[in-house]
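Below is one structure; the comments refer to it alone.
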Amino acid sequence: MTCICPSLSFPVHGDKENSSFFNEYLIRLLEERDCLGLSSLIQQIDAMMLTVDPGKSIEYIEEFCLMSPYHYLVTLESESHWSHILRIDMNSPDLIVREVKHDGIRGIFRSLNEVYPIGSHRPHSRYIGEILRVNNLHEVVKLQQGRGFCFFSQDEIRKLELPGNLAISKPSPYTHNIVAYIEREPDEARVYALGVSSINTDARAACDRAKNRQQELGIAELILPVDHLATRIYSQNREVAILEWLSLSSYYYWGSFDIIDQNSSTNVTKSIHYPEELQSPAKVFTANNTPYFVNHFKIFPSPTENFVCNYGPRLHHLALAVKDGDQNGIENIEYVVRAIQEQGKSFLLDVIGSKNEGLKQIFSSASEHSSLIIEYVQRFGGFLGFFNKDNIAELTHAAGIQEELIRIQTEVKKADKV
């Protein structure tokens, strides 16, 4: 019987030329995934996980709840971590904000920071990865292990103080992120088996302040759930990182575009089950076209690879959608950004794009607590493309300028200590 392969039924967009290796294994891996039943077993991104340095989670919760639709839900306390659960609703992924209780705690996620000059400056601050909902956890893990993927043992998960009801892959050599699976029926509550559950009064108060401020500013209904997650990786790992993610998820390859002005490419994957990114965010991979050590020969720009050299491969930004429309003639994205700027949050550039082009976008400055940039994106009137190449070039350039300033500031601080 011939296997039906829905993962290969989507059109591919873009102008980036991929290798024959990528083109061959894209087909083979997605055909295998579909025929094994993994594409049906693996569903949406159910949650995202990040960790912050000691003493920073409450400040980050207030910052993030002001800038997003997320609300504080509950705190799970284990021996050396607090894990704060933030939620919008059951149709959008949760955010798990983990905080180590003291700076002396070691672990695999800290070690992924420590070999990079800026990453080591905030050793616990990093995005960890996604949790994907599955229909049959045992079957998914068995099939993925048969394809060569490695998972933490239950004892290792306990030592890492991550939820015991997850199956968690070893960190990717290409993105340094993990992928976790949780078994849950669509109508079941999300439960994370970890530690003692309680309401943290400081976290709840921080969220309440942020939500009250959103209401006062008139932006509470304008900011929508996560649109996409963008990871930066080394140039040589672009294709394998995409193929690895597609093998672990039920996403398909939407396409790749060259951003020539910034010597990089933007590569997009989307869920085969959820056409609306707000239910399961798109996963974007950005990489240089040429490696950093040859760029001086032609004086190529290198903002993407410079970021990776300084921070390590990791999530660069989390993009939130903005409701289409305007407020008394001011487009919603402009209205939201102005309101948040008035609260002291800075942005890397002005809002770029236009209604005629189909979308507008902007990057915030990187959070001092999570190191993540927040992007806002407003698409107008059913815009069919995912992004605008000129916009991406401007955003990449602006982020590169900030990252260079952070690098210089970090070096100065280290020199002062000496």
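Tell me whether region 74-92 contains one or more residues that are touching a helix residue (DSSP H, G or I) at 6+ places or on another chain (Cβ under 8 Å) and acidic (Asp, Glu).
So the first thing to find is which residues in region 74-92 are touching a helix residue (DSSP H, G or I) at 6+ places or on another chain (Cβ under 8 Å), and the list is 75, 82, 84, 86.
Subsequent filtering for residues that are acidic (Asp, Glu) retains none.
No.
When only residues in region 193-212 that are touching a Leu at 6+ places or on another chain (Cβ under 6 Å) and crowded, with 17+ Cβ neighbours inside 10 Å count, which is farthest from PHE285 (Cα to Cα)?
Within region 193-212, the subset touching a Leu at 6+ places or on another chain (Cβ under 6 Å) is 194-195, 197, 210.
Still in the running and crowded, with 17+ Cβ neighbours inside 10 Å: 194-195, 210.
Numbers: LEU194: 31, GLY195: 34, ALA210: 31 Å.
For region 193-212, the residue satisfying everything is GLY195.
At least 3 residues that are within 18 Å of the chain's Cα centre (by Cα) and surrounded by fewer than 24 Cβ atoms within 10 Å (Cβ to Cβ) in each: list the helices (runs of 4 or more DSSP H) lying fully within region 231-313 that qualify.
238-248
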If the Cβ limit is 8 Å and pairs must be 6+ apart or interchain, which residue in region 188-201 that is on the phi > 0 side of the Ramachandran plot pairs with which residue that is part of a strand (DSSP E or B) and among the polar types (S, T, N, Q)? GLY195/SER83
Give ALA321, ALA282 a once-over and let me know the one that is modelled with pLDDT of 95 or more and in contact with a Pro (Cβ under 7 Å, 6 or more places away or on another chain). ALA321
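If I filter region 89-118 down to residues being out of contact with any strand residue (DSSP E or B) (no Cβ under 7 Å at 6 or more places or on another chain) and under 30 Å from ALA321 (Cβ atoms), which single residue comes out as surrounded by the most Cβ atoms within 10 Å (Cβ to Cβ)? Explain how you work it out, then say what you get.
Going through region 89-118, the residues out of contact with any strand residue (DSSP E or B) (no Cβ under 7 Å at 6 or more places or on another chain) turn out to be 89-91, 102-108, 110-111, 114-118.
Now restrict to residues that are under 30 Å from ALA321 (Cβ atoms): 89-91, 118.
Details: ASP89: 9, MET90: 14, ASN91: 13, ILE118: 19.
Result: ILE118.
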Criterion (modelled with pLDDT of 95 or more and on the phi > 0 side of the Ramachandran plot) met by exactly one of GLY129, GLY107: GLY129
The listed residue being under 22 Å from SER364 (Cβ atoms), assigned to a helix (DSSP H, G or I) and out of contact with any helix residue (DSSP H, G or I) (no Cβ under 6 Å at 6 or more places or on another chain), out of GLU24, GLU59, GLU31: GLU59
Looking at the structure I just gave you, is PRO303 in contact with a Ser or Thr (Cβ under 8 Å, 6 or more places away or on another chain) and farther than 26 Å from GLU114 by Cβ? no
Keeping to region 314-364, report how many residues are farther than 30 Å from SER172 by Cα and either of a type in the set (D, E, K, R) or in a helix (DSSP H, G or I) (or both). 20
Tell me which of these ILE45 doesn't satisfy, since it passes every other one: (1) surrounded by 15 or more Cβ atoms within 10 Å (Cβ to Cβ); (2) farther than 30 Å from GLU188 by Cβ; (3) in the same structural domain as VAL191 (by TED's automatic domain parsing). (2)
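Please go through region 12-31 and pick out each residue that is without any contact (Cβ under 8 Å) to a residue 40 or more places away in the chain and farther than 10 Å from LEU243 by Cβ. Before you say what the answer is, go through the steps one by one.
As a first pass, look at region 12-31 and keep what is without any contact (Cβ under 8 Å) to a residue 40 or more places away in the chain: 17, 20, 23-24, 27-28, 31.
Residues satisfying the conditions are GLU17, SER20, ASN23, GLU24, ILE27, GLU31.
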Can you say whether ASP390 is at pLDDT 75 or above, surrounded by fewer than 20 Cβ atoms within 10 Å (Cβ to Cβ) and not in a loop (DSSP other than H, G, I, E, B), as far as the supplied structure shows? yes
Give me a count of the residues in region 186-243 that are of a type in the set (D, E, K, R) and within 26 Å of GLY129 (Cβ to Cβ). 7
Report yes if some residue within region 260-270 is among the polar types (S, T, N, Q), at pLDDT below 95 and under 18 Å from GLY312 (Cβ atoms); otherwise report no. yes
Sole miss for SER172 among (1) out of contact with any helix residue (DSSP H, G or I) (no Cβ under 7 Å at 6 or more places or on another chain); (2) assigned to a loop (DSSP other than H, G, I, E, B); (3) of a type in the set (S, T, N, Q) is condition (1)
The lone condition ASN18 fails out of (1) of a type outside the set (Ser, Thr, Tyr); (2) assigned to a strand (DSSP E or B); (3) within 26 Å of ASN237 (Cα to Cα) is (2)
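Any residue at all in region 136-158 that is part of a strand (DSSP E or B) and of a type in the set (Val, Ile, Thr)? Explain how you work it out, then say what you get.
Initial filter on region 136-158 (part of a strand (DSSP E or B)): 151.
Checking the rest, the ones that are also of a type in the set (Val, Ile, Thr) come to none.
Scanning region 136-158 turns up no residue that is part of a strand (DSSP E or B) and of a type in the set (Val, Ile, Thr).
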Do we have any residue at all in region 229-246 that's without any contact (Cβ under 8 Å) to a residue 12 or more places away in the chain and not polar (S, T, N, Q)? no
Among SER92, SER125, SER111, which is the only one that is free of Cβ contacts under 8 Å to residues at least 60 places away in the same chain and among the small types (Gly, Ala, Ser)? SER111
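The values are calculated or read from the model by the stated rules, or taken from the named source; none is laboratory data. The shown structure was predicted, so the numbers you read here are calculated from the model rather than taken from an experiment. Heads up, the Cβs are rebuilt from the backbone with ideal geometry, glycines too, and the neighbour counts pull from every protein chain shown.
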